[in-house]
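The structure appears right after this line, and notes come after that.
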Amino acid sequence: MPIIALTAHAFQEESDRTVEAGMNDFLAKLFKPQALYEIVERWAPDKTTPTTNADSTEDIDTESSHATPPVDIEGFRSMMREVGVEEVVDATLAIYTTEAPKTMDRMVAAVDAGDAEEIRQAAHSLKSSSGNIRARRLAELLQELKPFGRDGNTDGAKDVFPAVQPAYDVVMGYLADLA
């Protein structure tokens with residue numbers, strides 16, 4: 001999943017630092033909505049890219065998710081409307097459905113391998129993007145996972161991770177149903 005740095009510093013060395021830190025792009029505050037739109041468009045997947053098939057969500061108990069959707073699409077749309085870029089909502093969701101599975105695969109492998117740094121990076125990336133699209137429960141669970149990666153406590157990560165996978169599957173299934 002592409003990571004776009006949003007910073008108050010517009011200097012070239014700040015841009016270079018964000019790229020060195022593993023981010024994909026850079027946007028300096030105060031930015032115009034058109035600048036945000038252009039960055040999202042740059043990183044949006046090709047419209048012919050297939051979305052993830054979420055057949056694996058069939059066995060997940062989603063009874064509690066009927067009252068509150070796992071992704072607050074209308075809240076996300078409203079937020080984007082307020083900043084004048086509602087037209088990027090669909091592209092942002094397309095990026096998420098394309099990139100989140102890659103990040104989740106990295107996290108699964110990191111948890112299995114006991115790779116604390118990769119757990120931290122993948123959890124941070126997926127937490128941020130999930131929070132951005134208003135997949136709040138998934139973002140909360142990923143926030144719980146991050147400290148274990150940061151602290152090198154891979155056993156703690158293995159204890160928390162079983163709650164992350166089903167929440168992720170529910171989000172991906174919900175987004176697939178919207179497509």
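The values are calculated or read from the model by the stated rules, or taken from the named source; none is laboratory data. These numbers come from a predicted model, not from an experiment. Backbone-built Cβ (ideal geometry, glycine too); neighbour counts: all protein chains shown.
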If P45 satisfies all but one of (1) at pLDDT below 65; (2) of a type outside the set (V, I, T); (3) over 18 Å from S129 (Cβ atoms); (4) in a loop (DSSP other than H, G, I, E, B), what's the number of the condition it fails? (3)
For segment 156-177, state whether one or more residues are modelled with pLDDT of 90 or more, of a type outside the set (V, I, T) and under 22 Å from A21 (Cα atoms). no
Of the residues A113, A122, which is of a type in the set (G, A, S), modelled with pLDDT of 90 or more and surrounded by 15 or more Cβ atoms within 10 Å (Cβ to Cβ)? A122
